Amino acid sequence: MKRLLIVDGHVVIREGLKDILHAQSEIVFGEASTADAALRLVEEQNWDAVILDLAQGDRSSLDALKEFKQIRRRLPVLVLGTQPGHDYARRLFKAGASGYITKDSPREELVKAVCKVMEGGTYVSSALAENLVDYLETGSEKPRHEELSDREYEVLTLIASGKTIHEMADLLSLSDKTIRAYRARILNTMGMKTTAELIHYAVRNNLVDLG
């Protein structure tokens, strides 16, 4: 029997995931509403896989993923996101994710993704795969945001989502001064002068979910 840890801040989503997956196979579920709680469970117990909601309020999703992999290097992590953004997905896979699937994917695709990562494979949602193909076929120059480090990229998406300096500092466990320094570096790298320009760019390039 497989053991699956579901990390999501919403009870309804956790229950929905369990209902979908339990109907397909025998799975023992664990639940965590925050990344910090999930990290404790990963340290204390063995799991066959983790489903990680990309929108974690207490910690950067990339940070959480990296810490999961530091604790248990071979632990498969399936990331559950809202947008099929190729850049964030690329960063997630580089950080050790075993799969990425969007929340609006069909039930059958979710089951397929979970089974695939539990078996040690890698899974990419159909929406993301199409997005990646379109991106590669354009032959265009690398977008400016791909020059950002993972941390700079996270700060950019947080700025675009409307977070204040202090809120970003709390979320990323950094000082306000450090966040301001990151914002300055991002502006320099992106060749921009104002926060409004950063927000406009992030929204235009679908780097943040405003829904």
ask   = Of all residues in segment 189-203 being surrounded by fewer than 13 Cβ atoms within 10 Å (Cβ to Cβ) and small (Gly, Ala, Ser), which is nearest to Asp87 (Cα to Cα)?
value = Gly191
task = For segment 52-65, state whether one or more residues are in a strand (DSSP E or B) and at pLDDT 90 or above.
result = yes
key: Criterion: over 18 Å from Arg91 (Cα atoms) and surrounded by 17 or more Cβ atoms within 10 Å (Cβ to Cβ) - qualifying residue of Ile179, Ile186   = Ile179
query = Across segment 1-20, which residue is farthest from the chain's Cα centre (by Cα) among those that are in a loop (DSSP other than H, G, I, E, B) and surrounded by 15 or more Cβ atoms within 10 Å (Cβ to Cβ)?
reply = Gly9
request  = Looking only at segment 123-146, count how many residues are surrounded by 13 or more Cβ atoms within 10 Å (Cβ to Cβ) and modelled with pLDDT of 80 or more.
outcome  = 4
Checking Glu167 against (1) at pLDDT 85 or above; (2) of a type outside the set (Ser, Thr, Tyr); (3) outside any helix (DSSP H, G or I); (4) surrounded by 13 or more Cβ atoms within 10 Å (Cβ to Cβ), the condition it does not meet = (3)
note = Filter segment 21-36 for residues that are surrounded by fewer than 15 Cβ atoms within 10 Å (Cβ to Cβ) and hydrophobic (A, V, I, L, M, F, W, C); the one that is farthest from Met118 (Cα to Cα) is Ala23
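Could you check segment 148-177 and list, in sequence order, the residues that are of a type in the set (Ser, Thr, Tyr) and touching a helix residue (DSSP H, G or I) at 6+ places or on another chain (Cβ under 7 Å)? Step through it out loud before you land on a result.
Of all residues in segment 148-177, those of a type in the set (Ser, Thr, Tyr) come to 149, 153, 157, 161, 164, 173, 175.
Selection gives Tyr153, Thr157, Ser175.
The values are calculated or read from the model by the stated rules, or taken from the named source; none is laboratory data. None of the values given here were measured: they were computed from a predicted structure. All Cβ positions, glycine included, derive from the backbone under ideal geometry; neighbour counts span all protein chains shown.
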